[in-house]
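J.: Questions regarding the structure given below will be posed in turn.
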Amino acid sequence: MPSLPSLRGPRAPPLPLLLLCLLAPVRRSSEDGRTPAASFTSLPVREEMMAKYSNLSLESHNISLTEHSNMPVEKNITLERPSNIELTCQFMTSGDLNSVNVTWKKGDELLENNYVINATGSILYTQYMFTIVNSEQMGSYSCFFEEKKEQRGTFNFKVPELHEKKKPLITYVGDSVVLMCKCQDCFPLNWTWYRSNGSVQVPVGVPMNNKYVINGKNANETRLKIMQLSEEDQGSYWCHAIFQLGESEEHIELVVLSYWVPLKAFLGIAVEVVLLVAIILLFEMYTQKKKKHSDDGKEFEQIEQLKSDDSNGIENNAPRHRKNESVGQ
């Protein structure tokens with residue numbers, strides 16, 4: 001492979017010798033007599049480091065970028081225990097590889113010369129190797145390729161997340177409840193429970209009249225049992241997992257209701273039903289009464305009409321009697 005002497009940043013030899021480059025110390029700080037920072041030391045830099053971390057597993061991750069990438073590329077990596085880390089970024093461009101400037105950063109801190117660069121055709125590779133052994137070394141590691149515009153790839157290291165239902169857990173006064181947190185495919189060193197008291201988290205689980213019981217069927221889960229609930233037990237509870245490389249937590253919202261709460265709802269519905277039935281009955285009574293008055297009026301009119309007809313009939317018959325009497329005489 002042709003060498004690229006004018007590429008900015010430390011260069012790796014051709015591929016057959018890449019491993020040798022990785023095993024060689026390349027930090028300028030060592031040349032200056034300064035002790036390299038443990039957080040950003042390439043693995044392995046010294047023979048003693050190789051011996052010290054040879055039993056750790058290797059985590060390899062890569063990101064691909066092009067000159068046409070519009071957004072930074074990010075990759076989230078979950079890390080539970082100390083590991084050797086190998087991060088690789090590749091950048092494809094149609095331009096001159098000699099004009100590309102390559103750098104690495106942890107957060108905003110520049111990682112000077114603690115990486116190697118190699119090129120194949122129109123692809124530029126950079127690799128950063130180091131070891132994560134504590135929480136301070138967790139965080140974001142980014143590779144930068146600066147040509148006409150800057151392209152960035154970021155590896156985000158974090159400890160495992162805890163899983164729990166996001167909906168509030170609703171129960172009633174006097175009952176018992178079990179709160180559970182679980183870590184999928186991970187095993188925390190220790191579990192603790194806290195309860196939010198305003199902005200302060202108060203530890204939970206110290207035996208108090210057999211109020212709390214903490215246990216778990218498996219190492220990757222924890223259960224908090226709260227007995228004889230009262231309305232004062234309502235609030236936010238936090239499960240806290242401790243790992244070798246950091247801590248993770250999740251919260252559960254507990255709602256404790258009095259039995260009067262559902263009873264009030266039932267009474268409210270019952271009152272509405274009674275009112276509705278009363279309104280219907282009153283309306284029926286009013287309708288029947290109105291109908292009765294209407295029937296009575298019609299009957300009265302009929303009686304009056306009959307009386308009127310009878311009186312008219314008597315008056316019509318009276319002249320006839322008189323006429324008959326006069327004829328008879």
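J.: Scan the stretch 198-218 for residues that are small (G, A, S) and open to solvent by 60 Å² or more (accessible area, probe 1.4 Å) and report the count. Explain how you work it out, then say what you get.
T.: Here is the first cut: in the stretch 198-218, the residues small (G, A, S) are 198-199, 205, 216.
Right, trim to open to solvent by 60 Å² or more (accessible area, probe 1.4 Å) and you get 198-199.
Total satisfying the criteria: 2.
J.: Mind checking which pairs have a first residue in the stretch 86-110 that is over 13 Å from E147 (Cβ atoms) and a second that is among the polar types (S, T, N, Q), Cβ under 6 Å, 6 or more apart or different chains?
T.: Here the result reads E86/S60; T88/N62; T88/Q127; C89/T126; Q90/S64; K105/S142; G107/S140, each pair linking the stretch 86-110 to a residue that is among the polar types (S, T, N, Q).
J.: I want to confirm something. Restricting to the stretch 228-260 and keeping residues that are within 16 Å of K165 (Cβ to Cβ) and of a type in the set (F, W, Y), which single residue is surrounded by the fewest Cβ atoms within 10 Å (Cβ to Cβ)?
T.: My answer is W238.
J.: Considering every residue within the stretch 95-110, establish whether at least one is in a loop (DSSP other than H, G, I, E, B), polar (S, T, N, Q), out of contact with any Cys (no Cβ under 7 Å at 6 or more places or on another chain) and open to solvent by 10 Å² or more (accessible area, probe 1.4 Å).
T.: No, the conditions are met nowhere in the stretch 95-110.
J.: Report yes if some residue within the stretch 48-64 is within 41 Å of the chain's Cα centre (by Cα), open to solvent by less than 60 Å² (accessible area, probe 1.4 Å), modelled with pLDDT under 70 and not charged (D, E, K, R); otherwise report no.
T.: Yes: one or more hits.
J.: So, in the stretch 120-158, how many residues would count as being open to solvent by 50 Å² or more (accessible area, probe 1.4 Å), more than 26 Å from Q244 (Cα to Cα), in contact (Cβ under 8 Å) with a residue 24 or more places away in the chain and not in a loop (DSSP other than H, G, I, E, B)?
T.: Of the residues in that region, 4 qualify.
J.: Then there's this: When E161 is evaluated against the numbered criteria (1) touching a residue at least 60 places away in the same chain (Cβ under 8 Å); (2) assigned to a strand (DSSP E or B), which criterion, by number, is the only one it fails?
T.: Going through (1) touching a residue at least 60 places away in the same chain (Cβ under 8 Å); (2) assigned to a strand (DSSP E or B) one by one, E161 breaks only (2).
J.: Now for a separate question. I'm trying to understand the selection: among the residues of the stretch 159-182, which are of a type in the set (S, T, N, Q) and open to solvent by 20 Å² or more (accessible area, probe 1.4 Å)?
T.: S176
J.: A follow-up question, please. Here are some conditions: (1) modelled with pLDDT of 65 or more; (2) open to solvent by 70 Å² or more (accessible area, probe 1.4 Å). D295 meets all but one. Which one does it not meet?
T.: (1)
J.: I've got another one for you. Being farther than 29 Å from W260 by Cβ, assigned to a strand (DSSP E or B), open to solvent by less than 70 Å² (accessible area, probe 1.4 Å) and among the hydrophobic types (A, V, I, L, M, F, W, C) is the requirement here; does C186 meet it?
T.: Details: farther than 29 Å from W260 by Cβ: yes; assigned to a strand (DSSP E or B): no; open to solvent by less than 70 Å² (accessible area, probe 1.4 Å): yes; among the hydrophobic types (A, V, I, L, M, F, W, C): yes.
The answer is no for C186.
J.: While we're looking at this one, here's another question. Suppose we filter L224, L263, L257 for residues that are among the aliphatic types (A, V, I, L, M) and either within 29 Å of P82 (Cβ to Cβ) or modelled with pLDDT under 85 (or both); which single one remains?
T.: Sole residue among the options that is among the aliphatic types (A, V, I, L, M) and either within 29 Å of P82 (Cβ to Cβ) or modelled with pLDDT under 85 (or both): L263.
J.: Output the residues belonging to the stretch 97-119 that are among the hydrophobic types (A, V, I, L, M, F, W, C) and within 20 Å of M138 (Cα to Cα).
T.: W104, L110, L111
The values are calculated or read from the model by the stated rules, or taken from the named source; none is laboratory data. Please read all numbers here as calculations on a predicted model, not as lab measurements. Virtual Cβ from ideal backbone geometry, glycine too; neighbours counted across all protein chains shown. Calculation scope for accessible area: heavy atoms of the full protein, side chains included, ligands and nucleic acids excluded. Shrake-Rupley method; radii C 1.70, N 1.55, O 1.52, S 1.80 Å.
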